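First comes the structure, then the notes that go with it.
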Amino acid sequence: MALSRLAQEFAAEIAQHDWSDAPYRIDRAGHSRASDSDSKRTEQVLSEKETGRVRTNVMWVVAQTLGHSDPNFDVYEFAEACGVNTLTKRGAKDGGIAAGLRTWYGQYARPGTWVFDPPVEVITTETSDCYHATEECELFRRGYQGAPILRFPPADVPTKWKPCPCVNVPRA
C-alpha cells in the first residue's frame, strides 16, 4: 500500500536529514554535515548506531501521529522510507518497529496521550463469537473465515456477540 503524500514527505525529510550531530546543535531542516562550513561543523558526532537510534525515535514520533490519522498507514513502509532498517538479521520483519508505537490491536493512541478514540462502529461476522473495534485486530484476522463483515454502532451490537479485548482499551 502506498504511503499518503504527507507520510512520504515526512519520511523524505527524516531520511535526508543528517542526524549524526543532532544532540550537539540546533539546525535547519535538511541539515547535512557535508555542506557545513568548518566554523559550523561540530567536533562531536554520534556513531552510526547512535545516529540510527535518533532517526528511529524521530520516525516513531511522526509515525504515531500518522498512524492515528491515517487508517491505511503502514509503519514498516514508512520506516523504510525514513531510512530505518525494518528487517532482523535473518531478513524477517523487525517486531521492534511496531512495538515502538502506542497501539492496541491495530488502534493508535491519540497523539500525546495513551488514550484511544472510541470506535464509531464495531465489526463481526456470523461465524464469530466476538465483535471487534477494527479489522486490524489480530484475533479478528486469525478467526476471519471470509464471511461477510457485519458493522454496528457500538451501542447496537446484538447480545449474541461478546466484546473482544480490542474493544476494551483506555478510551477518552
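Below is a table of values for the structure above.
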quantity: Verdict on Lys93 being at pLDDT 85 or above and either within 30 Å of Cys164 (Cα to Cα) or more than 22 Å from the chain's Cα centre (by Cα) (or both); calculated: yes
quantity: In segment 1-44, the residues that are open to solvent by less than 70 Å² (accessible area, probe 1.4 Å) and more than 28 Å from the chain's Cα centre (by Cα); calculated: Arg33, Asp36, Ser37, Thr42
quantity: Pick from segment 108-147, criterion in contact (Cβ under 8 Å) with a residue 40 or more places away in the chain and β-branched (Val, Ile, Thr), ranking: surrounded by the most Cβ atoms within 10 Å (Cβ to Cβ); calculated: Val122
quantity: Leu87, sole failed condition from (1) under 24 Å from Met59 (Cβ atoms); (2) open to solvent by 30 Å² or more (accessible area, probe 1.4 Å); (3) at pLDDT 95 or above; calculated: (3)
quantity: Subset of segment 45-57 (residues that are closer than 13 Å to Glu80 by Cα and open to solvent by 40 Å² or more (accessible area, probe 1.4 Å)); calculated: Arg55
quantity: Count - residues of segment 39-72 that are in a loop (DSSP other than H, G, I, E, B) and of a type in the set (S, T, N, Q); calculated: 5
quantity: Given (1) over 16 Å from the mean Cα position of the chain (by Cα); (2) at positive phi, number of the condition Val157 does not satisfy; calculated: (2)
quantity: Residue in segment 98-107 that is at pLDDT 90 or above and either loosely packed, with under 14 Cβ neighbours inside 10 Å or assigned to a helix (DSSP H, G or I) (or both) present; calculated: yes
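Results for (1) part of a helix (DSSP H, G or I); (2) touching a helix residue (DSSP H, G or I) at 6+ places or on another chain (Cβ under 9 Å); (3) modelled with pLDDT under 90, shown as yes or no for each residue.
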{"site": "Pro118", "(1), (2), (3)": "no, yes, yes"}
{"site": "Thr127", "(1), (2), (3)": "no, yes, yes"}
{"site": "Tyr131", "(1), (2), (3)": "no, yes, no"}
{"site": "Glu135", "(1), (2), (3)": "no, yes, yes"}
{"site": "Arg141", "(1), (2), (3)": "yes, no, yes"}
{"site": "Ala147", "(1), (2), (3)": "no, no, yes"}
{"site": "Arg151", "(1), (2), (3)": "no, no, no"}
{"site": "Lys160", "(1), (2), (3)": "no, no, no"}
{"site": "Val169", "(1), (2), (3)": "no, no, yes"}
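The values are calculated or read from the model by the stated rules, or taken from the named source; none is laboratory data. Everything quoted here is computed from the prediction, not taken from an experiment. Cβ coordinates were reconstructed from backbone atoms using ideal geometry, including for glycine residues, and neighbour counts include every protein chain displayed. For the accessible areas, the whole protein counts, side chains as well, though only heavy atoms, and no ligand, DNA or RNA atoms are used. Shrake-Rupley method; radii C 1.70, N 1.55, O 1.52, S 1.80 Å.
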